[in-house]
Structures are given as structure tokens and as C-alpha cells.
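Note sheet for the following structure.
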Amino acid sequence: MMSISKNKIVFVVNTPGFFLSHRLPLAKAAKNTGLEVHVATANGPGIDTILSNGFVHHVVPFSRSGQNPYLEMKTIFFLLRLFYRLRPRLVHLVTIKPVLYGGLVSRILGIDAVVFAVSGLGTVFLEKSVIGKFRKAFVLFFFRAAFKNKRYAAIFQNIDDQNELISSRVVLKSRSYIIKGSGVALHEYPFYPEPNGRVVVAMAARLLKDKGVYEFVQAARLLDQKGVNVEMRLIGAPDHGNPTSITQQELDAWSKEGVISLLGHREDIAHQYAVAHIACLPSYREGLPKGLIEAAACGRCIVTTDVPGCRDAIIPEKTGVLVPVKDAAALAAALEALVKSPLKRQRMGRAGRNLAESVFAIENIVEKHLHIYNSLLD
């Protein structure tokens, strides 16, 4: 790998937690090449860990809802002041709000090189109502303004998102790249043989409507009604700053109903997949879900939806099964078939591990990013 000269890079990410879970290995690699690494996020847990890795941290007031124009302008002003003071050679913008605001600020200040990481186009691209279409047009307008930097690279996690922004005249095809996800550290997610006993289906995600939580619960009800011997585990916590979050009242009602097991937020995700047999994510749309590549690394077959991002995380009928989105009956049927087919599950799990090793290993993902950095800085 070519060396990168001593320059500043700024990662701009919504939250410290997302930076640590999705960009920490890349930031470490950038630091090892000689870049002075700065990280700009909202305040929150994880900043001490960022600092302990030798990075410089800056607090930016990202708001969760994005409904207050004053707060949004305040965020843009903070980024403008930060970039002006640091004068970084390269900025790496991750998720929609940093991409929009950081892109605009980089354009104003003439930052040398900008990397846009479009890790999923979000719920605004799912809405079909008149208001939803207006919001999408509004976001695309600002995307076009943000992407008008002289030197940039746009990184997508799936081809659907890439084609969406190319066809919408936001990005040039020649400046866009596909890198499948943020990678998985294979040594942290080793392959495990299936455990003995009752079949366990694990869904690990933020508890949002758009993740398919309602469909997962309804599928659990259908399997329970048919007497299928399976335990449905829901792993994760609500995100009360998100308008599509599951409520505590709903969780309490499901707990009382007893058709699913609620494990709450867990840090031991590798262990949770190790003690499960099937990984499930019936999401409505993703960039490329990290949880599914972690499950594949652990050797678990996957049931997920045939939507952008999710279908890119598996090889259909080889490492997992695709079902129609928002179809609890189809989800239940696919899970039931795998519950009753242990050899098929295990074959898919082994193929999933092979896929993780060949495509999703963190070393491969980091190397591709560093190649893009070098191409912009040369």
C-alpha cells in the first residue's frame, strides 16, 4: 500500500457509538499511514474510547430529529468553523446528515478531497406519499449541492443506492464505488457449530418499525399458533430519538404475550449468534446491515428481506433466504422451513462463513478505503 503523507483527516459521524462500531479500524489504519485523525461527532458515550486511540475528538451539535431549522444551521456553522480551523486535506463523511452538511461546508471552503459514505439512503427514500415524495426531492436537491466538490469519492454499500443517486444526477458513476459494508473482524466473530436443543432465531437490531420488528413479532405469533418448536429472540433497544422507534408499552405487551424473548441491548453479539441457529432481519431497507455479516461470520444461515442492502448481505439460497418485505406470513414460512431442515441450515451457515472471509473481512474493507484515500490525495 502506498504511504500517505502527513495530513489531517476528519471523520464526521452522527454519534461516537456509530464511529466506533463502523469506522474505528479504518481510522486506526489511516493513523498508521501517517494521517492525523480527527473525529467529529455529537456528544455521547464513547468519546473516551475515541481519545484513547490517539484521535482528536470534536463535539458537533447534531440533532436527532432534524426538525428545527435553527439547530440545523447551528450544526452547519459548527462544521464550517471546525473545517476552517483545521483545514484538513481529507474529510470522510458518514451517514446522511454529515454527508449533506459536511459536503456543503467542504465545497464552501474548498477542502482538497471529500469522501462521501452513503451507508443507506434511509426512510425518506421509502415513503410513497405526496409528502414523502416532496421530502425525497428536497433531500436530492441538497445532495446535488453537497456533492459538487472538485475532488470527491462516493462510497455505496449496495448497487441500488448507487444507481439511485447516479440516475438522480447527484453523483458521477466514475466517482462512485461499491464497498460492501464496514467489515467484520473475523477473529471477534469466529465460526461456531450449531448448538444442541431448541432452535433459536435471533434478530439483533435497533428496535425500529423500519427494521421489520412488527413482522418479526407477527411471524413469532404465526409459528406459535402452528406449534413450531422455536424460540424467537429480539435483541436490541428502542431508539426514542427516532420517530419509528418501538415504544416501551409495545415491548411490555409483547413480553406479557410471551411469543418472543426480549433480551434488550447486548454487547455480546458474537455470543448471541453462537447460541442461535438462524439470524433474521426483516428490514425495509438498509445500506448493508452489519449484523447480517457478523451472523454470517459466526456461521449462521440468514433470513432477510428482498430489499436494497439486505439482499446484498447474502447469496440467496446459498447463505440465506430472501422473503418479501412487510410479509410476516412469508417470513414465518421461511423460518419454519429452516427450523425443520438442520442440514440445510448448517450448509448455509458454512457458506456464510466463507462469504464473510472472502468479501466482508475488515482487512479487505480497510484496504479498499485506503486505496480511495490515496487516489484522492495523489
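The values are calculated or read from the model by the stated rules, or taken from the named source; none is laboratory data. Predicted model only: the values in this text are computed from it and were never measured. Ideal geometry is used to build each Cβ from the backbone, glycine not excepted, and the neighbour counts take in all protein chains shown. Note: areas computed on protein heavy atoms with side chains; ligands, DNA, RNA excluded. Shrake-Rupley method; radii C 1.70, N 1.55, O 1.52, S 1.80 Å.
Brief remarks on what is shown
- Residue in region 14-22 that is at pLDDT 95 or above, open to solvent by 60 Å² or more (accessible area, probe 1.4 Å) and in contact with a strand residue (DSSP E or B) (Cβ under 6 Å, 6 or more places away or on another chain) present: no
- Any hit, region 72-83, residues being in contact with a strand residue (DSSP E or B) (Cβ under 6 Å, 6 or more places away or on another chain) and buried (at least 19 other Cβ atoms within 10 Å of the Cβ): yes
- Within region 315-344, tally of residues that are open to solvent by 10 Å² or more (accessible area, probe 1.4 Å) and either in a loop (DSSP other than H, G, I, E, B) or modelled with pLDDT under 95 (or both): 9
- Matching option when the condition is polar (S, T, N, Q) and free of Cβ contacts under 8 Å to residues at least 12 places away in the same chain, among Gln248, Gln218: Gln248
- Filtered residues of region 36-51 (kept if closer than 21 Å to Tyr101 by Cα and in contact with a Leu (Cβ under 8 Å, 6 or more places away or on another chain)): His38, Ala40
- At least 2 residues being within 18 Å of Lys290 (Cβ to Cβ), in contact with a helix residue (DSSP H, G or I) (Cβ under 8 Å, 6 or more places away or on another chain) and open to solvent by less than 30 Å² (accessible area, probe 1.4 Å) is the threshold, and among the strands (runs of 3 or more DSSP E) wholly inside region 128-213 those reaching it are 152-156, 199-204.
- Of all residues in region 84-117, those that are over 24 Å from the mean Cα position of the chain (by Cα) and surrounded by fewer than 20 Cβ atoms within 10 Å (Cβ to Cβ) total 9.
- Within region 348-364, not a single residue is in a loop (DSSP other than H, G, I, E, B) and not basic (Lys, Arg).
- Pair list, Cβ < 8 Å and 6+ apart or interchain, from region 295-311 residues that are without any contact (Cβ under 8 Å) to a residue 40 or more places away in the chain to residues that are of a type in the set (Ser, Thr, Tyr) and surrounded by fewer than 24 Cβ atoms within 10 Å (Cβ to Cβ): Val307/Tyr284
- Residue check for Leu281: in contact with a helix residue (DSSP H, G or I) (Cβ under 7 Å, 6 or more places away or on another chain) and under 25 Å from Asp312 (Cβ atoms): yes
- Selection from region 25-42 of residues that are in contact (Cβ under 8 Å) with a residue 24 or more places away in the chain, part of a helix (DSSP H, G or I) and not aliphatic (A, V, I, L, M): Pro25, Lys28, Lys31
- Count of residues meeting criterion [part of a loop (DSSP other than H, G, I, E, B) and touching a residue at least 24 places away in the same chain (Cβ under 8 Å)] in region 44-75: 10
- Tally of residues being touching a helix residue (DSSP H, G or I) at 6+ places or on another chain (Cβ under 7 Å) and either open to solvent by less than 30 Å² (accessible area, probe 1.4 Å) or modelled with pLDDT of 95 or more (or both) across region 46-65: 12
- Meets criteria (among the aromatic types (Phe, Trp, Tyr) and farther than 30 Å from Leu186 by Cβ) for Phe77: yes
- Region 214-229: number of residues that are among the aliphatic types (A, V, I, L, M), closer than 13 Å to Ala329 by Cβ and not in a helix (DSSP H, G or I): 0
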